[in-house]
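Some notes on the structure that comes next.
The values are calculated or read from the model by the stated rules, or taken from the named source; none is laboratory data. Here the structure is a predicted model, which is why all the values come from computation and not from measurement. We place every Cβ from the backbone using ideal geometry, glycine too, and count neighbours over all the protein chains shown. When the accessible area is computed, the model is the full protein with side chains, heavy atoms only, and any ligands, DNA or RNA have been set aside. Shrake-Rupley method; radii C 1.70, N 1.55, O 1.52, S 1.80 Å.
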Amino acid sequence: MEFGFGVGDEEFRAEARAWLGAHVDGALDRRSWERILGKAGWIGLSWGETGYGNRSATLTQQVVWAEEYARSGAPTRSGHIGENLLAPTLLAHGTDEQRARFLPPIAAGEELWCQGYSEPGAGSDLAGVSTKAELAADGTYRITGQKIWTSLAHEADWCFVLARTEAGSVRHRGLSFLLVPMDQPGRIEVRPIRQMTGTSDFNEVFFDGARARVEHLVGGEGGGWGVAMSLLGFERGVSTLAQQIGFVGELGRVVQAAVESGAVADPVVRERLVRQWAELRVMRWNALRTLGSSGDAAAPSVAKLLWGGWHQRLGELAMLVRGAGAAVGPVEWSQAAPYELDSAQHLFMFSRADTIYGGSDQIQRTIIAERVLGLPREPKG
């Protein structure tokens, strides 16, 4: 099974490849890069003819752009959450005023977003959130609580927050979806979380009376669960194919390391390398099969299970093929650089979290069991 690209798609590919070749610059910071993408019209390709400053592209052209972007070595996107998660959600559930306010700055690369879902006491159980939002006399919501594992919160201008607006409500009832400005000194505090890779990609976010305007409530008060579930459905799709191109490069480097170390002579290692390659092809075919589909409740969970476990096994294999040398850092230890990792070591450590973040494997299997297969819910003890 292969995706069919027409003449127009290949012309679009040539345009995208030429533009990326002329503009990708490793010295650019990510926020500046977002503005460059926005000025050239490369943000919001999947939004359709909205009139909010984006360039419309067909589904196949979106795939072309994602593939060429991944191949170009361009910076990791910091505008992904706004472009690919919030924007489609506003197009589906937002008001005309909300779309007019928030979509143009996203398309221009001017405003960055983060996602306020996970909480320390809820884990992957999104319905267990306890962050509260109370409507005050001045017509604003006052938000109190804590979110965790919030990607890009230290860079974001806005956060979409799932909060409990109905006192005494439980589970998915009484939740609302609020758009919250991050620049609120004394009311919002962002604390980076240092990971075992030595980096801080995620954050804790503390809300202490943070304010959100009532007109920035999406889906109506108490309608947050439906909006949140709709947003999670947008996490699959074209971006999955781009992710897999990155996986191809990582697998190629592991194979090269196996050849250089002589580990490829081991038949067990060879079998594992071939299995990784074959599973990656299956993931591509599955992504193409579900691309553009709707109503398949299992698709996001199946995709997450496939790539999370695959990537984690690749990290383990990256260490195996290097032998004892995998435990040695790329530079001599010093107080100035006490925790340096090379790319393979970073892959191994970061991929340990792949089966946890974005909904753990256990949660994904529960979704498939209960919502797709119709199995009885696990009894609460």
The lone condition I356 fails out of (1) in contact with a Pro (Cβ under 9 Å, 6 or more places away or on another chain); (2) open to solvent by 40 Å² or more (accessible area, probe 1.4 Å) is (1)
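Inspect the stretch 60-68 for any residue being open to solvent by 60 Å² or more (accessible area, probe 1.4 Å) and charged (D, E, K, R) and give the result as yes or no. Step through it out loud before you land on a result.
Restricting attention to the stretch 60-68, the residues satisfying the condition of being open to solvent by 60 Å² or more (accessible area, probe 1.4 Å) are none.
Within the stretch 60-68, none of the residues are open to solvent by 60 Å² or more (accessible area, probe 1.4 Å) and charged (D, E, K, R).
Residues in the stretch 244-272 that are out of contact with any Gly (no Cβ under 8 Å at 6 or more places or on another chain) and open to solvent by 60 Å² or more (accessible area, probe 1.4 Å): how many?
From the stretch 244-272, those out of contact with any Gly (no Cβ under 8 Å at 6 or more places or on another chain) are 244-260, 262, 264-272; that's our starting set.
Adding the requirement that they be open to solvent by 60 Å² or more (accessible area, probe 1.4 Å) leaves 248, 253, 256, 259-260, 265-268, 270-272.
Residues that pass the stated criteria total 12.
So for the stretch 319-332 (the condition being within 30 Å of G116 (Cα to Cα) and crowded, with 18+ Cβ neighbours inside 10 Å), does at least one residue qualify?
First pass over the stretch 319-332, keeping only residues within 30 Å of G116 (Cα to Cα): none.
No, because not a single residue in the stretch 319-332 is within 30 Å of G116 (Cα to Cα) and crowded, with 18+ Cβ neighbours inside 10 Å.
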How many residues of the stretch 164-189 are part of a strand (DSSP E or B) and buried (at least 17 other Cβ atoms within 10 Å of the Cβ)? The answer is 9
Within the set of pairs 6+ apart or on separate chains, which have a first residue in the stretch 64-89 that is at positive phi, a second that is surrounded by fewer than 22 Cβ atoms within 10 Å (Cβ to Cβ) and outside any helix (DSSP H, G or I), and C-beta atoms under 9 Å apart?
G73/V24; G73/G26
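If you go through the stretch 84-117, how many residues are closer than 22 Å to A353 by Cβ and touching a Leu at 6+ places or on another chain (Cβ under 8 Å)? I'd like the intermediate steps shown before the answer.
First, the residues of the stretch 84-117 that are closer than 22 Å to A353 by Cβ: 84-85, 113-117.
Those left that are additionally touching a Leu at 6+ places or on another chain (Cβ under 8 Å): 85, 113-117.
Count: 6.
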Failed item, numbered, when G53 is tested on (1) open to solvent by less than 30 Å² (accessible area, probe 1.4 Å); (2) outside any helix (DSSP H, G or I)
(1)
